[in-house]
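The values are calculated or read from the model by the stated rules, or taken from the named source; none is laboratory data. As the structure is a computational prediction, the values presented were derived from the model and not from experiment. FYI the Cβ positions are ideal-geometry reconstructions off the backbone, even for glycines, and counts take in every protein chain you see.
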């Protein structure tokens, strides 16, 4: 019976000349660093996409969110999504070559990626030339969507949106407790991520009337950060704003502790600070650290899909979803929904469907207002949350209506 | 004796022409972009390795800092294009000039160092260049430089999806490095360098100014490496310090020459033809597992080739008299 | 800068410098003995750190207790690498210098891949041991205990290396260094000496890895962070000189710390490299290298 229905819908599609592809797998290319420096994050991303694609393709109890009903892409005759992973080794040239391979050889109709902004820059260039959508799940550099690309889409908020959230939080918590943060210290690695993040922070600190009392750019993956910690201690800012990946995040917490410095407040630009390896490595030292996040694992009341999705993810990768993996799952679901709405695996149709995307926040696992792309391909409804480590896990403290606890604000 | 050398050199030229023709025809029947890309990267690295070979092989100065010239070349042509409007097709030559000149002040102090001291010093100079570019806002700092696409053009060396133009570009580049190496082999300098390797004092008595010939080798080697970097930047469309100046690039440039056969005309090409596909294919088809299997295979391959064929893979093809010459 | 801060920066530089020195000591030893630069040296350190992590995770044993175990493991590994690869690399007829560089370089890539195969790409930390996250406060200058312990062990290891050089074996080592071919005539088994040299070199960097694991994260690429500094330390001190490695290590630690304090933290290694190039201009074979 069901099979007949499928055949019927396939017959309907035949009229538009798409029959041959109707029940075929829809191939999506996924480019991440799976070896080398970014491998840990890349491997988590791989697990996240595998979970997301199982949700789309598999048979399971419906999950209350976009594409949560399973059974493949209904409007493509139940076609399944097939992911092909490629290793960029965090090298822009290799990312570019792999994107080309996925498009031309694996016949990928869209690309997902890519963790670092440098690889995002070259992948988006390839997709532009081959006219295939690139959906940036977790690249957060603002420079990416400002290049007038037609095939670039980003579900994730970018650094400016994230940082704006941080300063909104400082304002709100200051008003609430009467203890306003007046000084900040910037601490960022010498990479595209660090410089983008710090540029925005410098600008917004000035706009908020806060003084930047230390502006420390450090060498990523250094053997030692003890002098850098000493500089932070001397400045003793109300809030330290670090932008670091996992290894340096662990090291700076230890280095500050080594010289007997306990900062009043730290607000991280996520990245390494949101990794479970950071929480494990820094242990008790991480208590009280705050971080922006695009994800709130504890927002289960307003986002009922979080619990079932996290259960699946945990079963697959033995850890909870985090800032990165949640965005990756969301990106895939958004893309699957667009392909489904397009009713076609043709890149141009997918692009148009992406442009028309308008998903309310409660249809996702994210605490966002929703997903809606502007002319540059940027999701304008991706609103961040602020979280604080308490009892070894991150808990949401802002926006206050989503908060699960009061922020421990020691300024 | 002279006749034997002359005959051998004629044979090399003939071989060069045949290989050039074969490489020119090679991509024509290939339709898939991935293989085309692989061939382009292979030929580019054959040229880069040959450029390295001029200094590291023929002249015997094992440089582990060529990423500096490669990266600087890429930045020179890209910045001249974006900030001064100089088309990259001309920028290639500017890159050659700047990187070549840069090799002089680097070579001047370093040539006084012997053996491993020289190798480590080149690593350090390369690292300094990397760190300075990373912290230099004028050249884009860590953010790097993005080359916008302005439509197909030979002057600007931009092609939407076509790979063939890049193929001929890198082929011309590799041929130029080969020709330079060929001419050096037969030159007075070439003889002098071979003599230096055997016996420094004997070479001095030949009346050749070793130091200035080394400087010339450094300039040529650095210049060609810079030109390769300029081509690479244009091909990838984006450069940042991590992708063109980082230390591992120095190894990538030297490796094909070392494994293929140093101080030989064909070693760099043979080395690149084995290494680049091995690295790309193992990453593409095994890297996806994320278990590091690709790194183990690649590293293992380097160890095995270096031990099994210390004189380079070229010796698998070579004739007896060539062996004698390499030794 | 207030005096307390200057002292704090200097203390940080000293503690790190001693670690650099110990990492470099093994490298220098191997070089001095047989003219081989081991480009997989950082990876050996990484393996030692992973060994600590793995045993700690399994048994909960304190990293300090694991010191002898891991040092012996690395000693064996060093000898195995010599027997399996380096002896072959030294016996080749062509391009010996290049072959040994690239054999150890290939080995480094292989070890990185293998580490990822076994432990994944995740960063790991050894936490909760008895020195972890504790510091000694000396009138406002803080000395983190894991680093202090590492420094003491480092000095002890140098003393140990010095003692070894006084033994019968040490004299054979020195003789082999002086004249590789002549020693065979007086009945010294050169191959055995070389293998022991590799064992000692790997053991030394293994000790450094164990102590480092007490306060530093572990990951497949952790060796690379230390490798370049180690090569510079050895070349600055003079290849083959133990005293050189010690002095150069401390010097580099201090230059790095003060470059970060007084100039740009992101350029602290440029400060180190500049000092190195400056020294090499006047002493092409480093501070203590034989001219």
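Report the residue count in segment B:136-176 for those that are farther than 17 Å from residue B:74 by Cα and at pLDDT 90 or above.
Start the filter on segment B:136-176 by keeping residues that are farther than 17 Å from residue B:74 by Cα, which leaves B:150-154, B:159-165, B:167-168, B:171-172, B:175-176.
Subset that is at pLDDT 90 or above: B:164-165, B:167-168, B:171-172, B:175-176.
Total satisfying the criteria: 8.
Yes/no matrix, rows are residues, columns are (1) in the same structural domain as residue A:39 (by TED's automatic domain parsing); (2) more than 28 Å from residue A:254 (Cβ to Cβ); (3) surrounded by fewer than 22 Cβ atoms within 10 Å (Cβ to Cβ):
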| site | (1), (2), (3) |
| --- | --- |
| A:111 | yes, yes, no |
| A:122 | yes, yes, no |
| A:146 | yes, yes, yes |
| A:179 | no, no, yes |
| A:183 | no, no, yes |
| A:208 | no, yes, yes |
| A:225 | no, no, no |
Test: residue in segment A:332-351 that is closer than 27 Å to residue A:403 by Cβ and either touching a residue at least 60 places away in the same chain (Cβ under 8 Å) or crowded, with 20+ Cβ neighbours inside 10 Å (or both):
yes
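For (1) at pLDDT below 95; (2) touching a strand residue (DSSP E or B) at 6+ places or on another chain (Cβ under 7 Å); (3) more than 30 Å from residue A:288 (Cα to Cα), each residue gets a yes or a no:
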| position | (1), (2), (3) |
| --- | --- |
| A:319 | yes, no, no |
| A:345 | yes, yes, yes |
| A:371 | no, yes, yes |
| A:383 | yes, no, no |
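Just checking, does segment C:236-255 include any residue being in contact with a strand residue (DSSP E or B) (Cβ under 9 Å, 6 or more places away or on another chain) and either more than 25 Å from residue C:67 (Cβ to Cβ) or part of a helix (DSSP H, G or I) (or both)?
no
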Reported set for segment C:129-152 where residues are at the interface with another protein chain (Cβ under 7 Å from one of its Cβ atoms) and free of Cβ contacts under 8 Å to residues at least 40 places away in the same chain is C:133, C:135, C:137
If we ask which residues in segment C:161-178 are surrounded by 14 or more Cβ atoms within 10 Å (Cβ to Cβ) and either within 17 Å of the chain's Cα centre (by Cα) or within 13 Å of another protein chain (Cβ to nearest Cβ) (or both), their number turns out to be 1
Restricting to segment C:133-160, give me the number of residues that are within 22 Å of the chain's Cα centre (by Cα) and within 20 Å of residue C:60 (Cα to Cα).
4
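When you go through A:273, A:295 one by one, which is the residue that is under 16 Å from the mean Cα position of the chain (by Cα), modelled with pLDDT under 95 and closer than 27 Å to residue C:16 by Cα? Let's see the steps before the verdict.
Details: A:295 fails: closer than 27 Å to residue C:16 by Cα.
Exactly one residue qualifies, and that residue is A:273.
Quick one: is residue B:165 within 14 Å of chain C (Cβ to nearest Cβ) and surrounded by fewer than 21 Cβ atoms within 10 Å (Cβ to Cβ)? Can you show your working first?
Details: within 14 Å of chain C (Cβ to nearest Cβ): no; surrounded by fewer than 21 Cβ atoms within 10 Å (Cβ to Cβ): yes.
Here the answer is no, as residue B:165 does not meet what is asked.
Answer with yes or no whether residue C:126 is in a helix (DSSP H, G or I), in contact (Cβ under 8 Å) with a residue 40 or more places away in the chain, more than 7 Å from every other protein chain (Cβ to nearest Cβ) and on the phi < 0 side of the Ramachandran plot.
Working: in a helix (DSSP H, G or I): no; in contact (Cβ under 8 Å) with a residue 40 or more places away in the chain: yes; more than 7 Å from every other protein chain (Cβ to nearest Cβ): yes; on the phi < 0 side of the Ramachandran plot: yes.
Answer is no for this residue.
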Please verify whether residue B:239 is buried (at least 24 other Cβ atoms within 10 Å of the Cβ) and more than 13 Å from chain C (Cβ to nearest Cβ), treating the condition exactly as stated.
yes
Kindly indicate whether residue C:85 is facing another protein chain (nearest Cβ under 8 Å), free of Cβ contacts under 8 Å to residues at least 40 places away in the same chain and either crowded, with 24+ Cβ neighbours inside 10 Å or within 12 Å of residue B:300 (Cβ to Cβ) (or both).
yes
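Kindly indicate which of B:278, B:273, B:254 is farther than 30 Å from residue A:193 by Cα, crowded, with 24+ Cβ neighbours inside 10 Å and touching a helix residue (DSSP H, G or I) at 6+ places or on another chain (Cβ under 8 Å). Lay out the reasoning, then the answer.
Numbers: B:278 fails: crowded, with 24+ Cβ neighbours inside 10 Å; B:273 fails: crowded, with 24+ Cβ neighbours inside 10 Å.
Only one candidate qualifies: B:254.
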Give segment B:268-317 a look and list any residue that's touching a strand residue (DSSP E or B) at 6+ places or on another chain (Cβ under 8 Å) and either more than 7 Å from every other protein chain (Cβ to nearest Cβ) or within 24 Å of residue C:84 (Cα to Cα) (or both), or say none.
B:294
When the residues of segment C:263-291 are narrowed to those that are in contact (Cβ under 8 Å) with a residue 12 or more places away in the chain and within 14 Å of chain A (Cβ to nearest Cβ), which ends up nearest to residue C:35 (Cα to Cα)?
C:273
Residue by residue through segment A:395-411, note down the ones that are in contact with a helix residue (DSSP H, G or I) (Cβ under 7 Å, 6 or more places away or on another chain) and within 20 Å of residue A:321 (Cα to Cα).
A:398
If you check C:79, C:46, C:34, which single one turns out to be in contact (Cβ under 8 Å) with a residue 24 or more places away in the chain and within 14 Å of chain A (Cβ to nearest Cβ)?
C:46
Criterion violated by residue A:83 - all others in (1) at pLDDT 90 or above; (2) touching a helix residue (DSSP H, G or I) at 6+ places or on another chain (Cβ under 7 Å); (3) within 14 Å of chain B (Cβ to nearest Cβ); (4) farther than 27 Å from residue A:306 by Cα satisfied:
(4)
Of all residues in segment B:133-157, which are within 9 Å of residue B:241 (Cα to Cα) and assigned to a helix (DSSP H, G or I)?
B:133, B:134, B:141, B:142, B:143
Top-ranked residue in segment A:23-41 [being part of a loop (DSSP other than H, G, I, E, B) and away from chain C (no Cβ under 14 Å); ranked as surrounded by the fewest Cβ atoms within 10 Å (Cβ to Cβ)]:
A:24
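Does segment C:18-30 contain any residue that is away from chain A (no Cβ under 14 Å), in a helix (DSSP H, G or I) and surrounded by fewer than 24 Cβ atoms within 10 Å (Cβ to Cβ)?
Step one: list which residues in segment C:18-30 are away from chain A (no Cβ under 14 Å), which gives C:25-30.
Applying the additional criterion that residues be in a helix (DSSP H, G or I) yields C:25-30.
From what's left, surrounded by fewer than 24 Cβ atoms within 10 Å (Cβ to Cβ): none.
So far as segment C:18-30 goes, no, none of its residues is away from chain A (no Cβ under 14 Å), in a helix (DSSP H, G or I) and surrounded by fewer than 24 Cβ atoms within 10 Å (Cβ to Cβ).
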With respect to residue C:246, determine if the residue is modelled with pLDDT under 90 and in contact with a helix residue (DSSP H, G or I) (Cβ under 7 Å, 6 or more places away or on another chain).
no
Within segment A:186-199, which residues are at pLDDT 95 or above and over 19 Å from residue A:250 (Cβ atoms)?
A:186
